[in-house]
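Okay, structure first, notes after.
The values are calculated or read from the model by the stated rules, or taken from the named source; none is laboratory data. What you see is a predicted model; the values in this text were computed from it and never measured. Here the Cβ positions follow ideal geometry from the backbone for every residue, glycine too, while neighbour counts run over all protein chains shown.
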Amino acid sequence: MSRIPLLLGALLLLSAPATAGLMDLLESIEAPEIESEGLLPPLPAEPGRGKNWVGTQTHNSDLPILVLAGHADSQKIAGSGTPGKAVDLGGAAPMQKGITDELFWNLLTAKQIVAEGQRQGLNMRFYDPGIRTIRNVEDPRTNWSTGSRHAKQGGYALEIHYDAYAPHGIGPGIIPSVLYGFSVLDEALADEFGGYPYDYRGMLGAPRRGVSMLEIGHLEGALESGLRDPNRRQATLNRIAKRVVRALRLGLVDSPMGSTVLLKGAVNEPVLGSGEEIGQ
Ligand SMILES: [Zn+2]
């Protein structure tokens, strides 16, 4: 797959405040060619706005759920995630040298979700490639490769993200896996967080490979300060994890709370504000 032209890279270095927006844009340029391409549904004639899919694939409560931290293998290259508003505009130091704040929070959030899910009896595990820069996306250790193997075996793979601060990002919502049909789990997460169109940015690499992406929210304001404040950090992470696990349990058909979501699948639940364009 083609990497980003040098010109854009140079532009990225020159325009610090616009970094978050550009980073997102750069992520979207990827148009992966994978063997399963033929199984994907066609893109709509017009780019989707809001939720344009219904999750109907059901799963039992023993479903293996794999949770990934977005950008865990793509630091210091295009698609490393948002630095967050505190760092990019507020002059704050990054949470950890060498990685974006988004990855820092993706890692902690994904781990907390798995801990909470396991506590509530879900069959969940966390995967971290450990290596922070893997240039070849087809390397078997990447999030994409690991998530797509898991999905191919019938499991559910969810990659955690925080979105760039406004006006660059869109905000919270699930970007559903597309490859194996739309899941009731994504329907349940859309109920809780909102739903992106399945063809968001021309269909991203993860959904094309069977991996769903959850945007927790813009990395700014109350959410970001709740995470950054050591006194409120654990409570903030707990709150997010409980929301995710609750939604997943609602989506599992034979769990105690299950199957309610099945009856509710709906299209036309806009996640975008009226004036916002997708893929800008
Ligand atoms: Zn991200």
For this session: Search the range 79-90 for residues being within 30 Å of Arg135 (Cβ to Cβ) and part of a loop (DSSP other than H, G, I, E, B), and hand back the single one that is nearest to the ligand (Cβ to nearest atom).
Result: Gly81
For this session: Please go through the range 148-200 and pick out each residue that is closer than 24 Å to Pro44 by Cβ and of a type in the set (Phe, Trp, Tyr).
Result: Tyr180, Phe182, Phe193, Tyr196, Tyr198, Tyr200
Exercise. Looking at Ile174, Ile170, which one is within 16 Å of the ligand (Cβ to nearest atom), out of contact with any Ser or Thr (no Cβ under 9 Å at 6 or more places or on another chain) and among the hydrophobic types (A, V, I, L, M, F, W, C)?
Worked result: Ile170
Exercise. How many residues are without any contact (Cβ under 8 Å) to a residue 60 or more places away in the chain, in a helix (DSSP H, G or I) and away from the ligand (no atom under 16 Å from the Cβ) when one looks only at the range 202-232?
Worked result: 2
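Any residue in the range 101-123 that is assigned to a helix (DSSP H, G or I), among the acidic types (Asp, Glu) and either within 16 Å of the ligand (Cβ to nearest atom) or within 15 Å of the chain's Cα centre (by Cα) (or both)?
First, pick out the residues of the range 101-123 that are assigned to a helix (DSSP H, G or I): 101-119.
Remaining after also requiring among the acidic types (Asp, Glu): 101-102, 116.
After this cut, where a residue has to be either within 16 Å of the ligand (Cβ to nearest atom) or within 15 Å of the chain's Cα centre (by Cα) (or both) as well, the list is 101-102.
Within the range 101-123, one or more residues are assigned to a helix (DSSP H, G or I), among the acidic types (Asp, Glu) and either within 16 Å of the ligand (Cβ to nearest atom) or within 15 Å of the chain's Cα centre (by Cα) (or both).
Given Asp191, Asp199, Asp163, which one is within 16 Å of the ligand (Cβ to nearest atom) and modelled with pLDDT of 95 or more? Please lay out each step first, then the result.
On the way: Asp191 fails: within 16 Å of the ligand (Cβ to nearest atom); Asp199 fails: within 16 Å of the ligand (Cβ to nearest atom).
On inspection, the qualifying residue turns out to be Asp163.
Could you please find all residues in the range 148-169 being part of a strand (DSSP E or B), farther than 21 Å from Thr58 by Cα and of a type in the set (A, V, I, L, M, F, W, C)? Reasoning before the result, please.
Step one: of the range 148-169, the residues part of a strand (DSSP E or B) are 156-163.
So of that shortlist, the ones also farther than 21 Å from Thr58 by Cα come out as 160-163.
Ile160, the sole residue that qualifies.
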For this session: Considering every residue within the range 62-78, establish whether at least one is modelled with pLDDT under 95, within 16 Å of the ligand (Cβ to nearest atom), assigned to a loop (DSSP other than H, G, I, E, B) and touching a Gly at 6+ places or on another chain (Cβ under 9 Å).
Result: yes
Exercise. Glu138 fails exactly one of the following numbered conditions: (1) surrounded by 20 or more Cβ atoms within 10 Å (Cβ to Cβ); (2) over 29 Å from Gly90 (Cα atoms). What is the number of that condition?
Worked result: (1)
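Here's a check for you: in the range 91-100, which residue that is touching a residue at least 12 places away in the same chain (Cβ under 8 Å) and closer than 20 Å to His168 by Cβ is farthest from the ligand (Cβ to nearest atom)? Steps first, answer last, please.
If we filter the range 91-100 for residues that are touching a residue at least 12 places away in the same chain (Cβ under 8 Å), which is where we start, we get 92, 95, 98-100.
From what's left, closer than 20 Å to His168 by Cβ: 92, 95, 99-100.
Numbers: Ala92: 19, Met95: 15, Ile99: 12, Thr100: 9 Å.
Only one residue fits best here, namely Ala92.
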